[in-house]
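Working notes, beginning with the structure itself.
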Amino acid sequence: NQLRDRKDLAITYNTLLRKAVERCSVHPMHIDEVSNRNVIMIEQLDDINLVSPTVDIIISRYCSLIREHSLRKYSAAVQNAINYINTDLTADLSLRALSRQLNINASYLSAIFHKDTGKSLTDYINTLRIKKAGYLLLTTPLPVQVIADEVGIPDYNYFGRLFKRITGISPKKYRAGQLR
């Protein structure tokens, strides 16, 4: 079956690209998500003429993944911190807790994190939390309070103020599509 052969070849490309992205210091959590979506997309193909354009999409996805999530430019300490942060945004991600978890001096972690990323640890974490909250607001019917809990900000009022400070609008307006 030519279609099956081409699908198998596309899956092989996906695996090779996945391995290349791993060498670019992208966390496996991000790679798994993209890789799984790619395989599903390949398996749903029912026309041999769509395999080549699908491989182009896969290549594009992996390139975007490297641009957005490569940690190669960061020191080992910052890579470890970012990987830990990305595993659970609801965890205690205070400087003290993070430095204890990573067995690094808190002052050193704070300084090297700011030097490498250009952001304070708190700003970095808050930005990630609000980005995830925005995604959940647009893709789920979950109440705003539940979303606040899901991203590690259990204080609803603080969540609303932080969301507005980062995005420029309230969570409810964001969900309603009133983006600036």
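Which of Ile59, Met29, Ala97 sits closest to the plus end of the dipole of the chain, meaning its Cα is farthest towards the positive end, when Lys and Arg get +1 and Asp and Glu get -1 on the C-beta? Value computed over the given set: Ala97.
A simple spin-label model places the labels of Leu102 and Tyr84 0.7 nm from each other, with each point 7 Å out along Cα-to-Cβ.
With contacts taken as Cα pairs under 8 Å at a separation of at least 6 residues, the chain carries a relative contact order of 16 percent. Positive-end ranking of Leu121, Ala81, Leu138 along the dipole of the stretch 47-180, with charges on Cβ about the Cα centre, is headed by Leu121. So for the stretch 103-180, considering every pair of alpha-carbon atoms, how many percent are separated by more than 17 Å? Here the long-distance tail beyond 17 Å is 48 percent of all Cα pairs in the stretch 103-180. Which entries in Lys73/Lys131; Lys19/Lys173; Lys119/Lys173; Lys73/Lys173; Lys119/Lys164 show an alpha-carbon gap greater than 29 Å? Flagged as over cut-off: Lys19/Lys173; Lys73/Lys173. Rounded to the nearest 20 debye, the dipole magnitude of the stretch 53-178 is 380 debye, with +1 charges on Lys and Arg beta carbons, -1 on Asp and Glu beta carbons, and the Cα centre as origin.
Over the chain, one equal point on each Cα, no solvent: what is log10 I(q)/I(0) by the Debye formula at q = 0.14, 0.19 Å⁻¹? With one equal scatterer per Cα and no solvent, log10 I(q)/I(0) is -0.90, -1.18.
Our helix-only sum for the chain, with -39,500 (n - 2.57) per DSSP H run of n ≥ 4 divided by its residues, gives a mean residue ellipticity at 222 nm of -23000 deg cm²/dmol.
Read-outs: derived from the displayed coordinates by stated rules, not from any lab. Predicted model only: the values in this text are computed from it and were never measured. Neighbour counts are summed over all protein chains in view; Cβ atoms, including those assigned to glycine, are modelled from backbone coordinates with ideal geometry.
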